[in-house]
Every structure is written in structure tokens, then in C-alpha cells.
Amino acid sequence: MKVTFWGVRGSIATGGSAFAGFGGNTTCLEVEHGPDRIIVDAGTGIRALGVKLVSEHASLPIPPMRPLEASLLFTHLHWDHVQGFPFFAPAFRPETELRLYGPVDEDGVSLEDVLLRQMQTPTFPVPLKAMAATMSFHSLNSGREFSVGSIDVTVRSLNHPQGCLGFRFEAGGRSLCFATDTEHREDGSIDDALLDLGRNVDLLIHDAQYTDDEYSRRVGWGHSSYAGAARIAKGCGARSLVLFHHDPAHDDAFLQRMENDARGLFPWCLAAREGLSVEV
Ligand SMILES: [Zn+2]
Ligand SMILES: [Zn+2]
């Protein structure tokens, strides 16, 4: 499996030269195994991924014309995980077939509702129905297990305001856990759902928005410290750890220090960088 980071920032996209090293776009991951591809979340990082997918598809020999297929999984419906969707170029093309998987919130609001609402006037000029792709919506909930081609997906709930889903991906005997937007437990224990996802995983990508000092002032906000992420990686028996969902206030120098400190706690560890691909 290969995972590529198209957006690594949490909360809101961030610009400026001091942030260019790690990147300013919000959450979007691409997970590939052979011809199979899963996109996770549609933060602002999905715009550049969409440009790549359209360009790759345009370079395919014709005929026969294959559809541009993609499966998009959404962890939750917070802005920083959905706001890039109106700029996802493949969604405007009739040759595209999108399968969209997302949670339904406690008030019954679905992924489709959220994508519809964020493309309404007066806050956006182009409605969802102007997207020419064939789209099918599928609801996701904790406990669900399914496959996208050769990639097996396990879904569990994480600890986050309004909820968030974590994913374990398995293919070709390798495993990858994506657990963003989740708050570690202060007593160091790990909840069963996260253990299910992360047990002996080859790569754990985990929320690490804060330092311990920052976390102490933001308990209940739904995010972890990098020390909390390192404890969870150890507790799960993960082989490697990627720190994810960088705070918009943390510039490259700050994130480099965080990465160095985190390596003292869990040696095979790096902070996610936009554009980075990791073979799992
Ligand atoms: Zn987030
Ligand atoms: Zn969130």
C-alpha cells in the first residue's frame, strides 16, 4: 500500500512561507494498492489531488474510455474535512464515478446534506447538482467492515466532539490506521475502538495537534498531543507513527521541533508533510 498526504493541517488551511515546508492544506489522504484507490476526507488538499486524477485519466489511451473511479471516505463532517469538495475537479466530469462514504450525525444530518448545504447560495455559486459525475452516497458507522477493491476497511468511532470515524486499511498483508481528530486519554489508557484499529499496525497516522502544554489548556477539544500519540503508538504495538492534523499556528520550525521531540518518545516517527508518500 502507498499513502500520500495531500493535506496535513487541522482546523483551517494556512498559508505563508513559514508554513510551506509541512504544508498548509487541510486533511486529504490518498491510499493506493495496485489499481485500487481510496481518498480519505475532502479538506482543501483534495483540490490538487483532483487535478492529478483528471490529468492521469486524460492520458489514458482511448478507446476504450474507462470511467474515472474514486471512493471517498469521510472521517466526519467538520469544515476542515469537507471544504475542498467543491473544488474537486473530477466531480464536475461526466466520465467520473464517485462512491462517497460518510457518517450521519446524531441529528440525522448526512454527508450528502453537508455537501449540498456548503454549495448553496449565497456562500457558494455552484450547486452540488451542477457536478456532472455519477455519485452514490453510503452511510458509515462504527463497526462497519467492507472492501474497496483489494483494500479491506475497518471503521471504528474515535473520541471527538460530534464524533469522528477512524479507519484501518489492510491490503497485501500490510496495515495502515488513520486516526485523526481524536483526543487521547489523560490516564494513558487506550480505548478498545482505537486498539481495534491500531493493533500491531504497520503505520499509525494519529492526531498530534498539540504539545502537552497546549493540550493542558485544550482538554475536551478533541485533539491529542504528540506525546499522547506516541503513547498510543506504543500501546497498539504500531511499527511506525506519523503525526497528523498540524495546528494552524505551528510553523515549520515549531513542527520540526515537535518531530524531533516525538522521536525521543517513539523512534520511527515523522510529522506528516504535504506531498509526502509513504510505502506501507
Ligand atoms: Zn479536523
Ligand atoms: Zn474535527
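Would you kindly derive the ³J(HN,Hα) couplings of region 154-165 from the backbone phi angles with the Karplus curve 6.51 cos²θ - 1.76 cosθ + 1.60 (θ = phi - 60°), listing them in order in whole Hz, with x for Gly and Pro?
Karplus values, whole Hz, x for Gly and Pro: 10, 10, 9, 7, 10, 8, 7, x, 6, x, 7, 9.
How much length would be gained if the chain were fully extended between Ser59 and Phe146, taking 0.36 nm per residue of separation minus their Cα-Cα distance, in nm to one decimal? Intermediate values should be presented prior to the final figure.
Working: separation 87, 0.36 × 87 = 31.32 nm, distance 3.08 nm.
Full-extension gain reported as 28.2 nm.
Work out the length of the dipole vector of the chain about its Cα centre, built from +1 on the beta-carbon of each Lys and Arg and -1 on the beta-carbon of each Asp and Glu, and round it to the nearest 20 debye. The partial results should precede the final answer.
Details: 24 positive and 36 negative charges, 111 e Å.
About 540 debye.
Starting from the Cα of Glu214, move 7 Å in the Cα-to-Cβ direction to define the label point; list residues of region 20-57 whose amide nitrogen is under 17 Å from there.
Once the point is set 7 Å along Cα→Cβ of Glu214, 20-27 turn out to lie under 17 Å by backbone N, inside region 20-57.
Normalised by the number of residues in region 1-82, what is the relative contact order in percent for Cα pairs under 8 Å and 6+ residues apart?
Numbers: 142 pairs, mean separation 25.6, N = 82.
Relative contact order comes out at 31 percent.
Checking a compactness column here: for region 177-239, what do you get for Rg(Cα) / (2.2 N^0.38 Å), N being the number of residues?
Dividing the Cα Rg of region 177-239 by 2.2 N^0.38 Å gives 1.01.
Considering amide H positions built from the backbone, and no H for Pro or chain starts, which residues 5 or more places from Tyr210, or on another chain, come under 5 Å of its amide H?
Amide H neighbours of Tyr210, under 5 Å, 5+ apart: Ser224, Ser225, Tyr226.
Out of His206, Leu116, Ala20, whose Cα points farthest toward the positive end of the dipole of the chain (charges: +1 Lys, Arg; -1 Asp, Glu; placed on Cβ)?
Ala20
Mean projection of the alpha-carbon convex hull of region 150-280 over all orientations, in nm²?
On the way: hull surface 31.1 nm².
Directional mean of the projected Cα hull area for region 150-280 stands at 7.8 nm².
5 Å is the cut-off here: which amide hydrogens, built 1.01 Å from N in the peptide plane, fall below it relative to Tyr101, excluding neighbours closer than 5 in sequence?
Close amide H contacts, sequence-distant or interchain: Leu72, Leu73, Phe74, His138.
Counting only DSSP beta bridges with both residues in the chain, tell me the antiparallel percent, nearest 5.
Beta bridges within the chain, antiparallel portion: roughly 50 percent.
Can you run phi through the Karplus equation (6.51, -1.76, 1.60; θ = phi - 60°) for region 139-146 and list ³J(HN,Hα) in whole Hz, with x for Gly and Pro?
Whole-Hz 3J(HN,Hα) from phi for region 139-146: 7, 10, 8, 4, x, 5, 9, 7.
Once phi is turned into ³J(HN,Hα) by the Karplus curve 6.51 cos²θ - 1.76 cosθ + 1.60 with θ = phi - 60°, what whole-Hz value does each residue of region 171-187 show in order, with x for glycine and proline?
7, x, x, 10, 9, 9, 10, 10, 10, 9, 6, 8, 9, 5, 8, 5, 7
Using a simple spin-label model with points 7 Å from Cα along the Cα→Cβ vector, what separation in nm is obtained for Asp107 and Ala130?
Output for this residue pair reads 2.7 nm.
Computed from the coordinates by the stated procedures, all read-outs in this text should not be read as laboratory data. Computed from a prediction, not measured in an experiment: that's the story for all the values here. Heads up, the Cβs are rebuilt from the backbone with ideal geometry, glycines too, and the neighbour counts pull from every protein chain shown.
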